[in-house]
Amino acid sequence: MAVSTQEFKILVADDSPLYRKLVEETLAHEQYTVCFGKNGREASDLLAVHQPALVITDWEMPDITGIELCGHIRRDQAS
């Protein structure tokens, strides 16, 4: 069974407003469901709510880095 693009959720975590806007405009053409975190902590909170199929993250962000965010994802999947 194929998943429609509207059912495919993407979380974008980046502290750069310019980069978030660029990704938003790019993905809007594909009609994905996209949510944005402006830092690692916000993205971590959004993970539980939206349960995205894909996470696009910046490595260097305030509070929680992209690497730490990936660690949170791995721990959550293991439990």
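The values are calculated or read from the model by the stated rules, or taken from the named source; none is laboratory data. Small disclaimer: the values here were computed from a predicted structure and weren't measured. When we count neighbours, we look across all protein chains shown, and the Cβ atoms used for this are built from the backbone with ideal geometry, even at glycine.
Data for the structure
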{"quantity": "Count of region 25-45 residues which are touching a Ser or Thr at 6+ places or on another chain (Cβ under 8 Å) and closer than 24 Å to Pro62 by Cα", "calculated": "3"}
{"quantity": "Residue that is surrounded by the fewest Cβ atoms within 10 Å (Cβ to Cβ) [pool: residues in region 24-47 that are in a helix (DSSP H, G or I) and within 11 Å of the chain's Cα centre (by Cα)]", "calculated": "Asp45"}
{"quantity": "Leading residue by the ranking (farthest from Leu22 (Cα to Cα)) among those in region 57-79 that are of a type outside the set (A, V, I, L, M, F, W, C) and at pLDDT below 90", "calculated": "Ser79"}
{"quantity": "Filter pass, Ile73 being on the phi < 0 side of the Ramachandran plot, assigned to a loop (DSSP other than H, G, I, E, B) and among the β-branched types (Val, Ile, Thr)", "calculated": "no"}
{"quantity": "Enumeration of residues in region 48-70 that are outside any loop (DSSP other than H, G, I, E, B) and either more than 11 Å from Ala13 (Cβ to Cβ) or of a type in the set (D, E, K, R) (or both)", "calculated": "Ala48, Val49, His50, Leu54, Ile67, Glu68"}
{"quantity": "Region 21-79, residues that are among the acidic types (Asp, Glu), in contact with a strand residue (DSSP E or B) (Cβ under 8 Å, 6 or more places away or on another chain) and touching a residue at least 24 places away in the same chain (Cβ under 8 Å)", "calculated": "Glu42, Asp58"}
